[in-house]
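To start, the structure under review is shown below, and the notes come after it.
Derivation of every value follows stated rules applied to the coordinates shown; laboratory data play no part. Just so it is clear, the structure is predicted and the values come from calculations on it, not from any experiment. A quick note on method: Cβ atoms are made from the backbone with ideal geometry, for glycine too, and the neighbour counts reach across all protein chains shown.
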Amino acid sequence: MRVSTAFNRLLAIPGASVTDVVIGERDVEVTLRPTARLLTCPCGKRQPSVYDRRRRRWRHLDLGVKRLWLVNEIRRLNCPNCGVITEAVPWARPGSRFTRDFEDMVLWLAQRSDRTTVSTLMRCAWESVTAIINRGVAELLDKRRLQTLYRIGVDEICYRHPHRYLTIIGDHDTGTVVNIRPGRSEQSLTDFYTAQPDSMLKQIQAVSMDVSKPYIGATRSKVPEAIICFDGFHIMRWINRALDAVFSEAAAGPDKVHMSSAQWRTTRWALRTGENRLTDTKRELVNQIAKQNRRVGRAWALKEQARDLYRYDHQPGVARALLKAWITAAKRCRIPAFVALGKRLAVYFDGILAAIELGISNALAESINAKIRLINARGYGHHTAETLTSMIYLCLGGLQVKLPTRT
Ligand SMILES: [Zn+2]
């Protein structure tokens, strides 16, 4: 069998056949000839005439330990819509010097591991990884994702200290991020609403958020019909913070509970864990501290009651009564952190109740928070809003990246 025939079968490049193969010390260069006669513009239009041509190399998936390059005389055409432009080739995304297979593998890996792993394994520069992610997101993000929004969640994330924020808009029904805006001001969210057609805005029934004045303002003025809900995730964070404060006090006060710092951390974590998820040893730990310090026991019980509000389906009217009872209990418990919390929840009563009654789950806010922490730890160079935005879309935008080796 001839070498070019063998490579033709081996690589099976869409829309091209192999005419030549050069095997070097580190690289393998495979020359291609496109099978289509007409040139294709990236806009889809086909044309017979060539404007000019030049040699281009695309990096393909490695062949053993050698880098594999596809070489082709790429042509430019004069498109009536786009002007003079480089033709689109079936094996690569427009403008890229990597093949689609190579890029898809980078995208798949970037969804799952850190930047150093991706660039080391794929043997390409960090900057290339960033460019591949941007191109992949632009192509793979579903354009229809904004057409069917009924219940959305809005959250802010800080991507660089101090005071650099993004506003993240998610879809409760799909659990995906549908839009990202710079900043966290009223204008940030207003810009999102304004960019949507009226028919879409009319569909929005509920908007969940942290208790945040800018987002409340933007939502009231742009989608006044929508019910504003305060995310249970954020409310539970307030409560857990208050519980932490009570526990810290118990560990430091005049009749303090003695424990090592390792014990202290374990106990704090056990206190935060939901009662139904406690192991026997952790449960024992919680019981012990609750017995030693009645305030901690009381605060823990209040935390669990609040969790129950979100955990169970309630009969009509029951959630309202339970939330009222919780607020009253908190105000009367004589633990300053919880008295303050009781007052705070009373202020935001309607929005907190709406989230419970509409069954707006914690899943979206929780997954956005957890995933973005992960993305930040992976170090894709998020000093700019653009790179982080692409990574959030890649990991949370519901993108379907197909691994080329998985057929
Ligand atoms: Zn065109």
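Which trypsin sites (Lys or Arg not before Pro) in the range 117-175 sit in a loop by DSSP (not H, G, I, E or B) and have at most 16 other Cβ atoms within 10 Å of their own Cβ?
Those that pass, being in a loop and sparsely packed, are Arg123.
Provide the percentage of antiparallel DSSP beta bridges, counting only those with both residues in the chain; round to the nearest 5.
Percentage antiparallel, nearest 5: 75.
Given axes a ≥ b ≥ c from the Cα gyration tensor, I'd like to know whether the range 232-357 is rounded (a/c under 1.5), prolate (a/b larger than b/c) or oblate.
In terms of gyration-tensor shape, prolate.
Compute the orientation-averaged projected area for the chain from the convex hull of its Cα atoms and round it to one decimal in nm².
Projected over every direction and averaged, the Cα hull of the chain covers 27.2 nm².
Go through the range 8-14 residue by residue and turn each phi into a ³J(HN,Hα) via Karplus (6.51, -1.76, 1.60, θ = phi - 60°); whole Hz please, and just put x for glycine and proline.
Values per residue, Gly and Pro as x: 4, 6, 5, 8, 6, 6, x Hz.
Would you grab the residues whose amide H sits under 5 Å from the one on Val21? Only those 5+ places off in sequence or on another chain, please, with H modelled 1.01 Å from N.
So Val21 has HN proximity to Thr31.
Using Cα pairs under 8 angstrom and six or more residues apart, how large is the relative contact order of the chain, in percent?
It comes to 14 percent, rounded to a whole number.
Taking chymotrypsin sites (Phe, Trp or Tyr not before Pro) as exposed when DSSP calls them loop (any state but H, G, I, E, B) and at most 12 other Cβ atoms lie within 10 Å, what is the longest stretch of the chain free of them, the sites themselves excluded?
Within the chain, the longest run free of exposed chymotrypsin sites (Phe, Trp or Tyr not before Pro) spans 151-311.
Residue by residue through the range 133-140, which ³J(HN,Hα) values in whole Hz follow from phi under the Karplus form 6.51 cos²θ - 1.76 cosθ + 1.60 (θ = phi - 60°), with glycine and proline marked x?
For the range 133-140, the Karplus-derived couplings read 5, 4, 5, x, 5, 4, 7, 8 Hz, x marking Gly and Pro.
Under 13 Å from the Cβ of Met236, count the other residues' Cβ atoms, weight Lys and Arg +1, Asp and Glu -1, and hand me the total. Can you show the working numbers first?
Values: positive: Arg237, Arg241, Arg272, Lys303, Arg307, Arg311; negative: Asp210, Asp231, Asp244, Glu304, Asp308, Glu366.
Value of the local net charge: 0.
Could you tell me which trypsin sites (Lys or Arg not before Pro) in the range 204-270 are loop residues by DSSP with no more than 13 other beta carbons within 10 angstrom of their beta carbon?
Answer by residue number: Lys256.
Compute the distance in nm between two label points, each set 7 Å from the Cα along the Cα-to-Cβ direction, one at His383 and one at Asp20.
4.3
Between Thr194 and Leu403, what is the label-point separation in nm under the 7 Å Cα-to-beta-carbon projection?
Calculated label separation equals 4.5 nm.
Check cross-link reach from Lys282 to the aspartates and glutamates: straight Cα distance under 19 Å, and skip same-chain residues fewer than eight apart.
List returned: Asp244, Glu304.
Work out, step by step, the length gained on full extension between Ser221 and Glu139: first 0.36 nm times the residue separation, then minus their alpha carbon distance; give nm to one decimal.
So the chain would gain 26.2 nm between Ser221 and Glu139.
Count neighbours as other Cβ atoms within 10 Å of each site's Cβ, and list the trypsin sites (Lys or Arg not before Pro) in the range 311-396 that are DSSP loop with at most 16 such neighbours.
Arg334
What do you get when you divide the Cα radius of gyration of the range 1-97 by 2.2 N^0.38 Å, with N the number of residues?
Cα Rg divided by the expected 2.2 N^0.38 Å: 1.14.
Give the distance, in whole Å, between the Cα centre of the range 191-249 and the Cα centre of the range 1-60.
52
In degrees from 0 to 90, rounded to the nearest 10, what is the angle of the helix 213-222 Cα long axis to the longest principal axis of the chain?
Tilt of helix 213-222: around 70 degrees.
Apply 1/(1 + (r/R0)^6) to the Cβ-Cβ distance of Ala262 and Gln205, taking R0 = 30 Å, and write down the FRET efficiency to the nearest 0.05.
0.05
What FRET efficiency comes out for Ala340 versus Ala36 if R0 is 56 angstrom and r is the Cβ-Cβ distance? Round to the nearest 0.05.
Using R0 = 56 Å, I get an efficiency of 0.20.
Mark the label point 7 Å from the Cα of Arg46 along Cα→Cβ and return the residues of the range 88-108 whose backbone N is within less than 17 Å of it.
From the range 88-108, the list is 88-91.
Measuring from label point to label point, each 7 Å out along Cα→Cβ, what is the Phe349 to Val65 span in nm?
Distance between label points: 7.3 nm.
Hey, can you grab everything whose amide H is under 5 Å from the amide H of Val28? Only 5+ residues off in sequence or another chain; H modelled, so Pro and N-termini drop out.
Long-range HN contacts for Val28: Arg67, Leu68, Trp69.
What net charge is computed for the residues neighbouring Cys41, neighbours being all others with C-beta under 13 Å from the C-beta of Cys41, Lys and Arg scored +1, Asp and Glu -1?
Around Cys41, the charge tally is +3.
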